[in-house]
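Reading through the structure tokens given below for one structure.
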Amino acid sequence: MFRELIVALFGGGRNLVSQTAEVFRENVEAGAARAAGLRGQAMAQLGAEFAVSRQGRFDRLMDAVNRLPRPALALGTLGMFIAAMVDPLWFAARMQGLALVPEPLWWLLGVIVSFYFGARYQVKHQAFQQGIAETLARAPQVMENIGTLEKMRGDSPGVADTGRDAQLTLSATRPEANRALGDWRRARAG
């Protein structure tokens, strides 16, 4: 009787226990074989894609364009940091210009970039009319800031003009005492 029970559970070319367990848990060996087959098919598909000879100018151009966005974004970001260090006034004026970009356009750029880099959804809701109104309200302040920045440039005409301030004109044109030159003259005369 015990032998018949064992044969019923494990014999006859089938295994009732393992077949029942596979209902609740995947057979690891069979899963590995399926995964290996899937990887093989993916590699075959990738190889078939590159097996086609792309001799045309258009194909080469499209391949080149597809490789540009990531390096362009990375190098552009580094370039902004360098520009901020080399010419802060120039950089500040450009950033004031970016302040005029409407909020919905920033969201659109975010959607495009996140789509390109594999994002699956955009979380935040945008208020289009409110963003445009806020941007237009900032425009006069941005123009004033740009004007102030331009006045601060060292190469702007009249930047050193003292205006009608007589005291400032006198202090700017009065030579300062040069102690080293005085010592040199005394040493030479003496």
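What follows draws every value from the coordinates through simple rules; no lab data is involved. Computed from a predicted structure; not experimentally measured. All Cβ positions, glycine included, derive from the backbone under ideal geometry; neighbour counts span all protein chains shown.
Things to note:
- Whether the range 69-111 is rounded, prolate or oblate, judged on the alpha carbon gyration tensor where a/c under 1.5 counts as rounded: oblate
- Extending 7 Å from the Cα toward the beta-carbon at both ALA72 and ALA42 defines two label points whose distance is 2.9 nm.
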